[in-house]
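Here the structure is laid out as structure tokens; the discussion comes afterwards.
Quick note: the coordinates plus some simple rules give every number you see, no bench work behind them. The structure presented is a predicted model; accordingly, all values stated were derived computationally and were not measured. Backbone-built Cβ (ideal geometry, glycine too); neighbour counts: all protein chains shown.
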Amino acid sequence: MNAGRAGVRTTYGGARGVLVAVLALVLLSGCGGRPTTHHKPGTGHEAASGPVGELLETTDEAGHRLRQLPRADAPSAELTVRPDSEDGWNLKVSASRFRFTPDSVGGAAIAGRGHAHLYVDDRKVARVYGSWHHLPGSAVPRGTHRITVRLYADDHTVWAVGGKAVQATAEVTASSGGSGRGHSGGHHDGDNKGKEDDKDKDTSKDKDKDKAPVDRTVKIAVRDGEVDPAPGRIEVKKGERIRLEVTSDRADTLHVHGYDREAELPAGRSATLAFTADRTGLFEVETHESGLLLTQLAVR
């Protein structure tokens, strides 16, 4: 019996041993020939990564270390926030020298790849695995808050430049927790959503609307990317009729968020947009193509 067992061991150590060794190498290299997808259990994220950039001692709030790259090689990010038609906000992350790799989370750090973390003020609320993400109103308490999207490598280290994390921020204002809607500081209650009057789009050719009595006229000029007067906040009483008169040195589109009102903005000519401020909240007036903030309307 002992001799038989010894014979089996010898055979296992021969041809079978070679087969086991091959299988072990395949397992160690990862499924599908992707050795950088996941590190071994018990191995730290940083230990699993190759020599990409400089691993700093500085950490973020969760203890993830910063991984610094030269500015010319590092990713960059921009964050755009728009109100969702039903609830909360839709976030768009525009990143340069970076792509989202959700199938490689937990693997080694590779320049130009990774995911993002989403913060409301200093509170992490989600991971972001693509350019678009929906932030529900329930995640934003009443008031004005800072929204931050920060870029991470697959090994959960933070991409950094000059000792600082690569991230983008925006502000939103919610009138009540759990139902906030707005855009980069804008919010509207939506009590009158669905009225045909709210769905109408004004243009500079709407002669009848432009001639209707208004309570206030706001004049704004845009030249070389500069807004005159400088963007500020205008206090408006609910029910007031407002007329916006805007001139720009380049063709664009004038837009009032929350009221879904637009007007074509021809280069060198004045565009007029009139509407009744029948919703309370903070609303941004901006140009669509150039993304310039023209003013904010605080309707009380």
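Beta carbons within 10 angstrom, averaged per residue: use that to sort the peptides 221-232, 163-174, 146-157, highest first. Mind dumping the intermediate values first?
Values: 221-232: 12.2, 163-174: 18.3, 146-157: 23.1.
Ranking the peptides 221-232, 163-174, 146-157 by packing returns 146-157, 163-174, 221-232.
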Inset, instruction - Kindly write out, for region 217-234 in residue order, the coupling ³J(HN,Hα) from the Karplus curve 6.51 cos²θ - 1.76 cosθ + 1.60 (θ = phi - 60°), rounded to whole Hz, with x marking Gly and Pro. - result: 10, 10, 10, 9, 10, 10, 8, 6, x, 9, 9, 10, x, 4, x, x, 10, 10
Legend entry - Separation in nanometres of the label points that stand 7 Å from Cα toward Cβ, at Glu264 and Glu235: 3.8 nm
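Taking the Cβ of Pro70 as the center, what net charge do the other residues with Cβ under 15 Å away carry, scoring Lys and Arg +1 and Asp and Glu -1? Please report the intermediate quantities before stating the final value.
Details: positive: Arg67, Arg71, Arg97, Lys164; negative: Glu54, Asp73.
Once positives and negatives cancel, what remains is +2.
Report the full-extension gain for the segment Arg146 to Asp278: residue separation times 0.36 nm, less the Cα-Cα distance, to one decimal in nm.
Length difference between fully extended and current span is 44.8 nm.
Assign one of three labels to region 203-299, namely rounded, prolate or oblate, based on the Cα gyration tensor with a ≥ b ≥ c the square roots of its eigenvalues; rounded applies when a/c is under 1.5, prolate when it is not and a/b is larger than b/c, and oblate otherwise.
Numbers: a/c = 1.80, a/b = 1.26, b/c = 1.43.
Oblate, because a/c is 1.5 or more while a/b does not exceed b/c.
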Legend entry - Label-point separation, Thr59 to Asp122 (7 Å along Cα→Cβ), nm: 1.5 nm
Legend entry - At R0 = 22 Å, FRET efficiency that the Cβ-Cβ distance of Leu293 and Asp87 yields, to 0.05: 0.40
Inset, instruction - Name the residues whose placed amide hydrogens come within less than 5 Å of the amide hydrogen of Arg142, ignoring near sequence neighbours (fewer than 5 apart) on the same chain. - result: Gly177
Inset, instruction - Take each of the peptides 94-102, 275-283, average the number of other beta-carbon atoms within 10 Å over its residues, and list them starting from the highest. - result: 275-283, 94-102
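Given R₀ = 35 Å, FRET efficiency for Thr80-Arg300 by Cβ-Cβ distance, to 0.05?
On the way: r = 27 Å, r/R0 = 0.78.
That gives a FRET efficiency of 0.80.
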Legend entry - Percent of Cα pairs exceeding the 27 Å cut-off, where the set is region 43-174: 18 percent
Inset, instruction - Please give, to one decimal in nm, the separation of the simple spin-label points placed at Ser94 and Ser138, each 7 Å out from Cα toward the Cβ. - result: 3.2 nm
